[in-house]
Structure formats: C-alpha cells, structure tokens
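Heads up: the structure comes next, in structure tokens.
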Amino acid sequence: MNIETKTLSDAELQLLLAGDEAQVIELCQLEHERVLLQHPEFAEWIEDIDPYICPRLELVDAMRRAPNGYVRQYLYSIFSFRQSINLVAGRSFF
C-alpha cells in the first residue's frame, strides 16, 4: 500500500535536492502550506493556538487532532524542540 502523498512536483523535488539554502527553505514552506490548505479549519485553529507557545496540553491535543501524519510529525517536532529547550533552561514545559 502506498500512502505517500506528493505535495511538491517532480521539478520542485529536483530543485529541493539541488537548491541553495533559500530555495530549500522556500520549498519546505510551500510544501507545509499545501498540506495545510487541504485542511483549512485545522490550519486556522493551529495558527490561533500557536504551537510554539501554547500550553503543553493544547499541543498534545493538536497532535491528536492532526489531519494527517505530515502535520502530526510537524507538531511532534515542535513538541520535542520545546522539551529540549525547557530541559536546557531548567523550566517545566506546561
């Protein structure tokens, strides 16, 4: 079973492999936006709670509600980053 969904065209993927830093960042942003465009209500909600600063339970709830694995893994990476920052800072991640 193939569950991979392409969000970048073949030409964009080739540019991603050969591009400079700015092109890679731009294409990753484009890919992220395309994934969220398929789920506008979720995209609006996640922007409102802001996963970079929301309480821990809201971030976990966002991971639970994520419309697909791409978004869930994006949110999980933010969760992991926030855990690491809080360990270094000696603060609790509420």
Condition set surrounded by 14 or more Cβ atoms within 10 Å (Cβ to Cβ) and aromatic (Phe, Trp, Tyr), scope segment 69-94, selection farthest from Glu31 (Cα to Cα): answer is Phe93
Failed condition for Ile78, given (1) without any contact (Cβ under 8 Å) to a residue 40 or more places away in the chain; (2) over 11 Å from the mean Cα position of the chain (by Cα), with all others met?
-> (2)
In segment 47-68, what count of residues is obtained for those that are of a type outside the set (Val, Ile, Thr) and closer than 23 Å to Gln29 by Cβ?
-> 13
Hey, Ser84 in a helix (DSSP H, G or I) and at pLDDT 95 or above or not | no
Can you find a residue in segment 61-68 that is surrounded by 11 or more Cβ atoms within 10 Å (Cβ to Cβ), assigned to a helix (DSSP H, G or I), in contact with a Lys or Arg (Cβ under 7 Å, 6 or more places away or on another chain) and in contact (Cβ under 8 Å) with a residue 12 or more places away in the chain?
-> yes
Among (1) touching a residue at least 60 places away in the same chain (Cβ under 8 Å); (2) of a type in the set (Val, Ile, Thr); (3) open to solvent by 80 Å² or more (accessible area, probe 1.4 Å), where does Ile25 come up short?
-> (1)
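The values are calculated or read from the model by the stated rules, or taken from the named source; none is laboratory data. Quick caveat, the model's predicted, so the values are computed rather than measured. Neighbour counts are summed over all protein chains in view; Cβ atoms, including those assigned to glycine, are modelled from backbone coordinates with ideal geometry. We work out accessible area using only protein heavy atoms, side chains counted, and drop any ligands, DNA or RNA first. Shrake-Rupley method; radii C 1.70, N 1.55, O 1.52, S 1.80 Å.
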